[in-house]
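Peer 1: My structure is below; once you've seen it, I'll send some questions.
The values are calculated or read from the model by the stated rules, or taken from the named source; none is laboratory data. These figures come from a predicted structure and were not determined experimentally. Every residue, glycine among them, receives a Cβ derived from its backbone with ideal geometry; neighbour counts consider all protein chains shown. Heavy atoms of the whole protein, side chains included, go into the accessibility calculation; ligands, DNA and RNA do not. Shrake-Rupley method; radii C 1.70, N 1.55, O 1.52, S 1.80 Å.
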Number of protein chains: 2
Amino acid sequence: MGALDEGHFCEELEKGVELEDPETLAIEDAVRVLLQGLGEDVAREGIRKTPLRVAKAFREGTRGYQQKVKDIIQGALFPEAGLDKSIGNAGGAGGLVVVRDLNLFSYCETCLLPFQVKCHVGYVPSGQRVVGLSKLSRVSDVFAKRLQEPQRLAGEICSALQDGIKPSGVAVVLQCSHLRFPTLGSLLLNSNNEVWSEILVMSGSGVFKDEENSECWTDFMSLLKLRVLKIEKSQTSDCWCPSQSSASPSCMACSGFMANPLMVSAVTKIIESIGEDPLRNELLGTPVRFVQWLMNFKETKLDLKLNGLGCKVQSYTEDESTIHSEMNLSFWSQCEHHLLPFHGVIHVGYFCTQGFNLLPKTLLQSVVHFFGFKLQVQERLTRQIAETVSSFVGGDVMVVVEAYHTCMISRGIEKSGSSTATIAVLGRFSTDASSRAKFLEGIPSSTGDHKI
Amino acid sequence: MGALDEGHFCEELEKGVELEDPETLAIEDAVRVLLQGLGEDVAREGIRKTPLRVAKAFREGTRGYQQKVKDIIQGALFPEAGLDKSIGNAGGAGGLVVVRDLNLFSYCETCLLPFQVKCHVGYVPSGQRVVGLSKLSRVSDVFAKRLQEPQRLAGEICSALQDGIKPSGVAVVLQCSHLRFPTLGSLLLNSNNEVWSEILVMSGSGVFKDEENSECWTDFMSLLKLRVLKIEKSQTSDCWCPSQSSASPSCMACSGFMANPLMVSAVTKIIESIGEDPLRNELLGTPVRFVQWLMNFKETKLDLKLNGLGCKVQSYTEDESTIHSEMNLSFWSQCEHHLLPFHGVIHVGYFCTQGFNLLPKTLLQSVVHFFGFKLQVQERLTRQIAETVSSFVGGDVMVVVEAYHTCMISRGIEKSGSSTATIAVLGRFSTDASSRAKFLEGIPSSTGDHKI
């Protein structure tokens, strides 16, 4: 059994001792094409195994295509007495059963990025039988682990449970959150970028068929409100995925973006290899959108431009013992190990040496964006920002990066809610613990922009 | 790959198409002995597959015995430049890296119940190399998935990362929460029962070796404080597990408890079968403690005593249109599918029919405990309480049960934070939606006693 569990399985894969199946190999080849299209050296040590990691993540993340609901529910239906129908509803006949706050993630069919799902499922038992509670989670996960759109996901979970359990009715409410990854352009224009696109969707069958007039829905929603403080049905929208929003600066029609055809067919191949039909209507534009998004991170010489920014026009004469700081600079980056976004905030503190200038916030924010928009690892991003700021202010710099990594929630370990922090300390900060402590104390508490 | 993933694997097991290994079979046999010791019919449909489910949960929950840290870290070390040592610390040489808020669970070696762990890990890279962030989580999980005690768990994670990554130092902080399952006696005595036993433990190596005087610890704890609002080192205690607390009424020396020797050797067999040594000092008393705890749920005829409670000494003459309610009655129960606790609160509402009495809160709380302390499923518990209360008040009763199931967080699906709710409606409540809505509105928001 040890050899079959998920943890061990991943180790095997990463060691490469396992023979890879043709689908995994096909995805690896496609990812190599994408990396080359980004101008990367696929033999570079940091990304040498990225194709395998990405292939594994896609296969794991879409394993729902290989799963059958019948297999999950079979053997998990238990006989349970109800009441005499004339006096009421309870137990295996009529008593509403609800499982709340299941954290899942799914893959957006429009852009191939993972999105987070808080899933609430209820059913009204009939026929004197109930289903094991964990099965409501497992069945929901089968459909989450596919290329999805929130309303279809809710509908598929609902139908599958209705068919599998044959209860009086099933209700599903999903709160979905999709990262709104901005373009570098929109960030530099300093437009007000929302971090998340959110939607609440519902689906019901049987006694929950009619959302507007069902007393069962009233009971169900009352039980959710006990836990879910803010639950409002969102405005329905044709394009909850930010890549399709007409307001987005990344709108293809407006930007006149021309995708590299080799990269586009590589993404098409990935969609095929996970078991989907790339010709399904909703997926037709997905490869181009994914490529367009990836091109955000093309290797550029943008950082060269930074050299001119640290000009010494004015000599700084203030007290050199003051720590200057800019807190909560937002950043967006792309993990080079998994080709998945990570984002968060960066805090910069520095002493300004005689002969150097104080740094305007806009300059620091630009430095952050320039180093963020490429294939990165958080440790390197932290160091590069510290080094660059150091060259502007004379050497005494401290940088703290606080990040949420999509790869930590949407791969095998599924650690939703976890976050990472990295520190770089240069000059005086590396030797003086009290300066470090003073700067760290000044960092405001979490901005709370994480969804789950 | 589809056939190897965790979800599919569980289905296979539950269908029984897989040949079980000798260890799983041995645990199944042992669980049958335990069920018989509890007076249960092991052929009863609800618990027929409980031995297999429990065996699977034990094997999954202690899979760390079969895992090697080397296999996880191998291939996950990446070259990453640092700074010139003369000017500071960053990137692959000296920049502190922290992963926060990893939700894990482990098994208490003292009583075999799962406990929850919020894990924070940091290390200071050296040798120009960093480790993939998810590996900090995976390695921590290897040691969590064993029979543990918090301080040893922290130490083992720390040593393993120090040996595997060879960094300048490793720091581990764990916030552990152990359910304090009370005895029926202590509940009926109405003593003030804390739901959780909590402890904060730390372990450090290298530059984190000295907890009291290390500047590195100061930096690390500052980064945790940004996220962890309340982080105080607990009083060290020899017996964080409630089963060993001398204040607990379940203290064996005081209760003179004599454990059934067949059940004790069955638990010893389980410990052996997961790959542990039952003669390890800390495990010597574990089988007796586990049996003692299980005996809380022995099939009794306690409910018969309830028949005398609903006596009609006074005729009730108040307005029959008033909903009387008792909210947040605590309950404790044992899931018959997994032999794991579930607990939470129960809300009872009723109309009092002419000729019946209002029910004192103590009576309702006793009813709840009587039906809780046995092998149960939440749906049945809800129905049984509703039926019993109904017999006391004349038929118009509504019961809502809100529960946290240990099996939802400590088995394959690991849905920490999820909760379940069930409803039973009798008489007027089953036909009058406005009465249901009025009662549901009156239920206070979550009591927030859940840890993760």
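Peer 1: I'd like the accessible area for residue A:47: 1.4 Å probe, protein heavy atoms, all chains in place, Å² to the nearest 10.
Peer 2: Answer for residue A:47: close to 0 Å² accessible.
Peer 1: Return the equivalent ellipsoid semi-axes of the range B:382-431 as a descending list in whole Å, where each equals the square root of 5 times an eigenvalue of the C-alpha gyration tensor.
Peer 2: Computed over the range B:382-431, the values are 31, 10, 6 Å.
Peer 1: What is the antiparallel percent of DSSP beta bridges lying wholly in the range A:17-293, to the nearest 5?
Peer 2: Close to 95 percent.
Peer 1: Tell me the total accessible area that A and B bury against each other, 1.4 angstrom probe, in square angstrom rounded to 100.
Peer 2: 8800 Å²
Peer 1: Quick one: work out Rg over Rh on the C-alpha atoms of the range B:358-452, Rh as Kirkwood radius.
Peer 2: Answer for the range B:358-452: 1.00.
Peer 1: Hey, if we sort B:118, B:269, B:374, A:70 by accessible area with the 1.4 Å probe, largest down, what's the order? Don't skip to the end; give the middle numbers.
Peer 2: Values: B:118 55, B:269 90, B:374 20, A:70 140 Å².
The ranking, largest first, comes out as A:70, B:269, B:118, B:374.
Peer 1: Related question: Taking a 1.4 Å probe, which of A:277, A:219 shows the most accessible area, and what order do the others take after it? It would help to have the intermediate numbers written out before the result.
Peer 2: On the way: A:277 75, A:219 15 Å².
Most to least solvent-accessible, the answer reads A:277, A:219.
Peer 1: Between residue B:79 and the same site in the other copies, what are the distances in nm, shortest first, taking label points 7 Å from Cα along the C-beta direction?
Peer 2: Going from nearest to farthest copy, the values are 6.8 nm.
Peer 1: Measuring label to label, 7 Å along Cα→Cβ, what does residue A:127 give against each other copy in nm, shortest first?
Peer 2: Nearest first, the other copies' label points are 6.0 nm away.
Peer 1: D for the range B:20-293, whole µm²/s, Stokes-Einstein with Kirkwood Rh over alpha-carbon pairs at 20 °C and 1.002 mPa s: what number?
Peer 2: Estimated via Stokes-Einstein, D reaches 104 µm²/s.
Peer 1: Enter the per residue convex hull volume of the range A:302-441, computed from alpha-carbon coordinates, in Å³ rounded to the nearest integer.
Peer 2: 100 Å³
Peer 1: Take the Cα pairs of the range B:68-107, get the Kirkwood Rh, then feed it into Stokes-Einstein at 4 °C and 1.567 mPa s and tell me D in µm²/s.
Peer 2: 100 µm²/s
Peer 1: Put the label 7 Å from Cα along Cα→Cβ for residue B:445; what are its distances to the other copies, in nanometres, shortest first?
Peer 2: 1.5
Peer 1: Non-local amide H neighbours of residue B:207 (under 5 Å, H modeled in plane, Pro and chain starts lacking H): which ones?
Peer 2: Residues meeting the criterion, in which the H sits 1.01 Å from N, are B:169, B:170.
Peer 1: Rank B:56, A:298 by accessible area, highest first, at a 1.4 Å probe radius?
Peer 2: Result of the area sort, largest leading: A:298, B:56.
Peer 1: Rolling a 1.4 angstrom probe over the protein chains, ignoring ligands and nucleic acids, what is the accessible area of residue A:406 in square angstrom, nearest 10?
Peer 2: Accessible area of residue A:406: about 20 Å².
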